[in-house]
Amino acid sequence: MKLVVEDGSFAYVKGHPIIQDLNFKAESGNLIAILGPNGAGKTTLLRCIMGLLKWDGGRSTLDGQNIYQIPSKKLWQKVSYVPQARGAFASFTAEDMILLGCTSRIGIFSTPHQSELDLVHKLAADMGIDWLLQKRCTEISGGELQMVLIARALAAKPQLLILDEPESNLDFKNQLIVLDTMTRLANQGMCCIFNTHYPNHALMRSSQSLILQKGGESIFGETSEIVTEANIEKAFGVKAIIGQIETPDHIYPSVMPLKVTPQTGKCQHEPPAKQQVTATIAMILTQPQRLAKIKYLLQQYQQAILNQTKLPTTKQGMIVLNVTLMASLSKIKALTHQIEILPDVNVKTTIAEEPVSNVQSAIN
């Protein structure tokens, strides 16, 4: 599955663009975060992507076909949308609401089979909301309803899942459940796109990010190159620092806001570093099935790899990998980020900023 937005532009009032000349693509296995301040057009963008609003310029394509030319039934068999949980939903129980997600596959007037009911119960259990199934949606909180709507979207078994601020109104535990669910689905091959107010969530989970600025400007690319201190200040008007929190199991990126500043300037990609550095990326895989994904990522950097070793371990099922490579700092950061967002992988990168000539001499 491949979603592409080409030169997308939209305005509610002529001459005052919400989105202008926006380009990005999303493919199977991607988890993409969309960030931006209130009023920058994040929800509008999602609605334009799906054809619920019509682009003033540009287009959205799904597997090469213009969204507007895809029959509605066929489109919603591939795409599921989770809006922000607002308003009431008549007298539906949570079970009925989740079951509605199956209608894109079985038909709206069809009687659900036991397999659909089993799927609903499994999804509810996975989301930790099985105790809500017999409650009416008018009787549960906004956060609980948000979880129900996510489960409904998953019941459709989509190829593309689009979520509008899925962590809103959720406590820490349920935020993690939602993030873990998106991460798991992306690693199983689904494409997930989500709006978020949390740069931390983008840094910790998304492979790529899109930042929208007020006035229609946007920037898209690898999360490690897009979600930077400079771009956070330009987009949000917040001076922030990006650091790392190291635990016994993992190293996590973290954004700390410091003070409010003027929102000035256009977000930019980090300038490419000219100097080559050497780095060793040490990985411990607690689940062997992650090895295939890591091999795929390393193939993208094959020309930069100097040495690669797989070490034996005494614990069955655990894999230890060490990769030494020579590349620009931005490329090393990008590869590290792609690995560290994988579940069940502990990673640490050590960088030696040494002149290239000295490293090459040592190798020779």
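The values are calculated or read from the model by the stated rules, or taken from the named source; none is laboratory data. Keep in mind that what you see is a predicted model, and the values were worked out from it rather than measured. Neighbour counts are summed over all protein chains in view; Cβ atoms, including those assigned to glycine, are modelled from backbone coordinates with ideal geometry. Protein only, heavy atoms only, side chains kept; ligands, DNA and RNA dropped before computing areas. Shrake-Rupley method; radii C 1.70, N 1.55, O 1.52, S 1.80 Å.
General observations
- Set Gln287, Gln263, Gln268, Gln308: member being of a type outside the set (Ser, Thr, Tyr) and farther than 26 Å from Asn200 by Cα: Gln308
- Scan segment 276-298 for residues that are more than 14 Å from Thr336 (Cα to Cα), open to solvent by 50 Å² or more (accessible area, probe 1.4 Å) and without any contact (Cβ under 8 Å) to a residue 60 or more places away in the chain and the total you get is 4.
- Among residues of segment 221-248, those that are part of a loop (DSSP other than H, G, I, E, B), within 22 Å of the chain's Cα centre (by Cα) and in contact (Cβ under 8 Å) with a residue 60 or more places away in the chain, counted: 1
- Hits in segment 1-47 - residues which are farther than 26 Å from Leu342 by Cα, among the hydroxyl-bearing types (Ser, Thr, Tyr) and within 19 Å of the chain's Cα centre (by Cα): Thr43, Thr44
- Count of residues meeting criterion [over 16 Å from Leu99 (Cβ atoms) and open to solvent by less than 60 Å² (accessible area, probe 1.4 Å)] in segment 123-139: 1
- Look at segment 12-30: where a residue is assigned by the TED database to the domain that holds Arg184 and in a loop (DSSP other than H, G, I, E, B) and a partner is small (Gly, Ala, Ser) and open to solvent by 30 Å² or more (accessible area, probe 1.4 Å), sitting 6+ places away or on another chain with Cβ atoms under 9 Å, you get Pro17/Gly215; Ile18/Gly39; Ile18/Gly215; Ser28/Gly189; Gly29/Gly189.
- Residue satisfying all of: in segment 140-196; among the charged types (D, E, K, R) and within 18 Å of Leu119 (Cα to Cα); least open to solvent (accessible area, probe 1.4 Å) among these: Arg152
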